[in-house]
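Trainee: Sharing a structure here in structure tokens format.
Values in this text are rule-based calculations from the coordinates and carry no lab data. Please read all numbers here as calculations on a predicted model, not as lab measurements. Every residue, glycine as well, gets a Cβ built from its backbone with ideal geometry; the counts of neighbours run over all protein chains shown.
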Amino acid sequence: MKKLLIISSTLNSNFLLSNDIENFIKNKKEFESKIISLENFNLPLYTPTLEERFKQDISFPKNIAKMKDLICSSNAMIWCSPEYNGGISPILTNSIAWISRATKDWKEGFKDKHSLICTSSGGNGKNFIKGFTIQLEYLGSLVFNRSLIKTNSNDISESDFKNVLNDFCENILTK
């Protein structure tokens, strides 16, 4: 059984999108899914000085370790985050920074793992998709070539929603 982690940056419309995705995935017996919201982890702002203090204490805070463990133990991830000022949301960037620094190999949580990028955003979401694709690929993730984009002016059609998720799940199982 493949572990699929659905990560919502926020507890608003992206969390609702995450729930819709999980409800769809639950019908697939090959997958075990779990949703997390980055807001619930309440991570400190990443700084090199703070990281060094945690390393000297030989202990990262429990929420950083918990998030790292969830991501490292997953086979694939679905990321749901808004476009923020034409790019990646600060909470998502901060979380990625901590995960990459809390592992022995900074790519450990991402390398060779399938990722699907989704957004529910006030803007068109495309800048977030492009920017986050670059970041995930740099971290070694296998980013799916399609996304789910929901905006204030355009919802996701039911057929697009199902097709993207079915294709993503099939991609995980065959590669």
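Trainee: Quickly estimate the mean residue ellipticity at 222 nm for the chain, helices only: each DSSP H run with n ≥ 4 gives -39500 (n - 2.57), and the total goes over all residues, rounded to 500.
Mentor: -13500 deg cm²/dmol
Trainee: While we're here: Give me the Kirkwood hydrodynamic radius of the range 20-94 in Å, from all C-alpha pairs, to one decimal place?
Mentor: Value: 14.7 Å, from the Cα pair sum.
Trainee: A further question follows. What trypsin sites (Lys or Arg not before Pro) in the range 1-104 are in a loop by DSSP, with at most 10 other Cβ atoms within 10 Å of the Cβ?
Mentor: Lys29, Lys104
Trainee: Which aspartates and glutamates does Lys26 reach when only Cα atoms under 17 Å apart count, and residues fewer than 8 places away in its own chain are ignored?
Mentor: By straight Cα distance, Lys26 reaches Glu158, Asp167, Glu170.
Trainee: Further question: Report the one residue of Gly87, Leu45, Ile134 whose Cα lies farthest in the direction of the positive end of the charge dipole of the range 1-136 (charges on C-beta: Lys and Arg +1, Asp and Glu -1; origin at the Cα centre).
Mentor: Going by the charge dipole, the pick is Ile134.
Trainee: Note the full-extension length gain between Asn124 and Asn42 as 0.36 nm times their separation in residues minus their Cα-Cα distance, in nm to one decimal.
Mentor: 26.8 nm
Trainee: Cut-off under 12 Å on the C-alpha distance; same-chain residues fewer than 8 positions from Lys130 excluded. Which aspartates and glutamates are left, in chain and number order?
Mentor: Correct list for Lys130: Glu83.
Trainee: If you put +1 on each Lys and Arg Cβ and -1 on each Asp and Glu Cβ, how big is the dipole of the chain around its Cα centre, in Debye rounded to 20?
Mentor: 340
Trainee: Give a quick list of GluC sites (Glu not before Pro) in the range 68-175 that DSSP marks as loop, anything other than H, G, I, E or B, with at most 13 other Cβ atoms within 10 Å.
Mentor: Sparse-neighbourhood loop GluC sites (Glu not before Pro): none present.
Trainee: Roughly what angle does helix 158-174 make with the longest principal axis of the chain, taking Cα atoms, 0 to 90 degrees, to the nearest 10?
Mentor: 60
Trainee: Ok, one more. Quote the Stokes-Einstein diffusion coefficient, in whole µm² s⁻¹, for the range 1-56, based on the Kirkwood radius over alpha carbon pairs, a temperature of 10 °C and a viscosity of 1.306 mPa s.
Mentor: Here the translational diffusion coefficient equals 120 µm²/s.
Trainee: Additional query: Using the Cβ atoms and a cut-off under 12 Å, what net charge is assigned to the surroundings of Glu32, where Lys and Arg are +1 and Asp and Glu are -1?
Mentor: Neighbour charge sum, excluding Glu32 itself: +4.
Trainee: So, counting K/R as plus one and D/E as minus one, what does the shell of residues with Cβ under 14 Å around Ser13 add up to?
Mentor: Once all neighbours under 14 Å are counted, the net charge is -3.
Trainee: So what are the range 86-175's ellipsoid semi-axes, whole angstrom, largest first, if each one is the square root of 5 times an eigenvalue of the alpha-carbon gyration tensor?
Mentor: Square roots of five times the eigenvalues give 24, 18, 8 Å.
Trainee: Let me ask you something else. Over 27 Å between Cα atoms, which of Lys29/Lys126; Lys107/Lys150; Lys55/Lys107; Lys28/Lys62 qualify?
Mentor: Cα-Cα > 27 Å for Lys29/Lys126; Lys107/Lys150; Lys28/Lys62; rest within.
Trainee: While we're here: With the radius of gyration and the Kirkwood radius both derived from the Cα set of the chain, what is their ratio Rg to Rh?
Mentor: My calculation puts Rg/Rh at 0.96.
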